[in-house]
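A quick write-up on the structure given underneath.
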Amino acid sequence: MPLRISPVSSKEDMEAFLQLPFAIYKGDPHWVPPVLSHQRAFLDPKTGPFYEIGEVQLFLAKDGDRTVGRISAHLNFAYEKHHDTDTGFFGFFECIDDQDAAHALFQTAAEWAKARGKTKLHGPLSFGIYDEVGLLIEGYHQRPVMFHTYNYPYYEKLVESWGFKKSFDWFGYIMDKLPAPVEELKKRRDDILAAAGLTITQGKTSEFINQAPQIMEMFNTLWDKNWGHVPLTERQFTEFVVQLKPILRPELVNFIEEDGEIVAFSIVAPDINHTLLKTRGRLNWLGMLRLFYDCRIAPLKASRAIILGVKKSQQWKKLHHALILNIMITLSRWQKNGVWCDCSLIPESLVKWNKTLQMFGGRKWRTFRLYDRDI
């Protein structure tokens, strides 16, 4: 039978959509299986937070009875309010190394978006700028970090051969070595805080949960000028908090307050992919126990700096430097275990932030690329 592209329209189609990556990455020691229950909920129009602000169609590519590719075509109405109304998106792209199958998927997504008045196709985004972003084009030969995309090198060829051009790059940095002795780092942190007349509070995981609305407002305001920023809805941010709550390690939650108001914060989380790789993505009761132990009790081995923000009125005080120093000081207690922290995703347009991370010993180890093509 010839190659055919069809919309996902049944439970069987959805299972084929979800199971395809397991076939493509079978035997790959670096690929981390997704938690299928989470992905089902994320893709379900009844439960997925994106469907409040977007329209989605999922597609499968089949060669006979064999599923060989998948893609989403989607619109983001929140993006259209803040940027333009010309752009449609694709995401969740997976495909065997076959240009015909990949091109058919891209063409189908483009036709779907064009039929809804769009003149450009942008991606991969699954679904938004704060979900899984971009095609991995640097950093293939290592385990991906939580919430990062992962793909084989041939994906770049499949995308670019259809005529997509680079739109924007996002970087991941790794910090795995202290740039100076711990005592020196403490002095630098304390000098910054003393000059500002402020202190850092650690260990208030409950405050992160209770102050989620204030933190969401800060996030949406602080990132407003960043490339491609689309404010998170309350439901999207709540989903983010729900995912983080069970894995947060109190000493990695930091706040700086002034007169009871949060003016700066950082959230570092244990990298759950460290556990999911061992459980093959299964989070039954045994998997949940292992996840809890790895994230909350065991010596920390891998982490990701999820978010760091400083109110605009306070940014001249270098509070972001104090937070970075405090993260490094905290992680130093597991230095003998080879602990490392991924700091991402950093847009290429934030030149100062890229230089700041490099100044503190961060080195770029992953690049994720977004593409455009006129349709």
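The values are calculated or read from the model by the stated rules, or taken from the named source; none is laboratory data. Note that this is a predicted model, so its numbers are computed, not measured. Ideal geometry is used to build each Cβ from the backbone, glycine not excepted, and the neighbour counts take in all protein chains shown.
Residues checked against (1) hydrophobic (A, V, I, L, M, F, W, C); (2) surrounded by fewer than 20 Cβ atoms within 10 Å (Cβ to Cβ); (3) in the same structural domain as residue 230 (by TED's automatic domain parsing); (4) touching a residue at least 40 places away in the same chain (Cβ under 8 Å):
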position	(1), (2), (3), (4)
35	yes, yes, no, yes
51	no, yes, no, no
55	no, yes, no, yes
74	no, no, no, yes
77	yes, yes, no, no
100	no, yes, no, yes
123	no, no, no, yes
Residues being of a type outside the set (Val, Ile, Thr), touching a helix residue (DSSP H, G or I) at 6+ places or on another chain (Cβ under 9 Å) and at pLDDT 85 or above - total across segment 198-221: 4
Among residues of segment 244-255, those that are buried (at least 22 other Cβ atoms within 10 Å of the Cβ) and in a strand (DSSP E or B), counted: 2
Selection count, segment 138-155, where residues are buried (at least 18 other Cβ atoms within 10 Å of the Cβ) and closer than 26 Å to residue 226 by Cα: 9
Some residue of segment 111-133 being of a type outside the set (A, V, I, L, M), on the phi > 0 side of the Ramachandran plot and in a loop (DSSP other than H, G, I, E, B): yes
Residue within segment 156-173 that is assigned to a helix (DSSP H, G or I), out of contact with any strand residue (DSSP E or B) (no Cβ under 7 Å at 6 or more places or on another chain) and not assigned by TED's automatic domain parsing to the domain that holds residue 274 present: yes
Test for residue 224: is it without any contact (Cβ under 8 Å) to a residue 12 or more places away in the chain and either surrounded by 13 or more Cβ atoms within 10 Å (Cβ to Cβ) or in contact with a Ser or Thr (Cβ under 6 Å, 6 or more places away or on another chain) (or both): no
1 or more residues surrounded by 19 or more Cβ atoms within 10 Å (Cβ to Cβ) and among the acidic types (Asp, Glu): qualifying strands (runs of 3 or more DSSP E) within segment 256-365: 340-347
Boolean, residue 172 is closer than 19 Å to residue 89 by Cβ and within 19 Å of the chain's Cα centre (by Cα): no
Positions within segment 28-70 being assigned to a loop (DSSP other than H, G, I, E, B), farther than 21 Å from residue 275 by Cα and under 18 Å from the mean Cα position of the chain (by Cα), in sequence order: 48
Count of segment 180-198 residues which are under 13 Å from residue 321 (Cα atoms) and either basic (Lys, Arg) or not in a helix (DSSP H, G or I) (or both): 4
